[in-house]
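Some notes on the structure that comes next.
The values are calculated or read from the model by the stated rules, or taken from the named source; none is laboratory data. Keep in mind that what you see is a predicted model, and the values were worked out from it rather than measured. So basically every Cβ, Gly included, is an ideal-geometry build from the backbone, and we count neighbours across all protein chains shown. The area values use the complete protein model at the heavy-atom level, side chains included, leaving out ligands, DNA and RNA. Shrake-Rupley method; radii C 1.70, N 1.55, O 1.52, S 1.80 Å.
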Amino acid sequence: MKADLRFDFLVDKEKSTITIKREFAAKRQLVWDCHTKSELLDRWFAPKPLTTRTKFMDFREGGHWHYAMVEPNGQEYWSRVDYQAIHPIDSYTSLDGFSDDTGALNPELPRSKWNVSFSDVKAHTLVETVVSY
């Protein structure tokens, strides 16, 4: 029997935010690792049919993640995430923006701020991501 896991996707136009709450049937350390290790992020981050390919990742305050979302035909969409604050297995904040394949940010496009938190819900983990524009 499949667990009934929470998944909420909320848009607040007045505050220019998107809030995603997603529950996982896994321990918090594993869910944290899936968000903070490139070899695991590459397996799930891009929406299908795209895939994720990490070029560089340094998950630490002041570090960054440079990755591409890749279409099946090979077209790449590059992004860069700069990590601002990290509280291991509890939360992290970052700035996300479109870049080129060298990691240089596109100054014509805005960046979004991500606040990602991880909490225990019985035997599961709840991840709450608030994206602010």
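Remarks
- Per DSSP, loop chymotrypsin sites (Phe, Trp or Tyr not before Pro) in segment 27-62 with at most 15 further Cβ within 10 Å: Trp44
- Dipole magnitude (debye, nearest 20) for segment 4-115, charges at Cβ of Lys, Arg, Asp, Glu: 280 debye
- Order by protection proxy (mean Cβ within 10 Å, highest first), peptides 13-19, 33-39: 33-39, 13-19
- Per-residue HN-Hα couplings for segment 78-89 [Karplus 6.51, -1.76, 1.60; θ = phi - 60°; Hz; x = Gly/Pro]: 8, 9, 9, 10, 9, 7, 9, 9, 9, 10, x, 6
- Surface share of carbon and sulfur [accessible, 1.4 angstrom probe, percent] for the chain: 54 percent
- Ordering Gly103, Val127, Leu50 by the projection of their Cα atoms onto the charge dipole of the chain, which places +1 on the Cβ of Lys and Arg and -1 on the Cβ of Asp and Glu, puts Val127 at the extreme positive end.
- Student exercise, segment 60-133 dipole from Lys, Arg, Asp, Glu Cβ charges, in Debye to nearest 20: 220 debye
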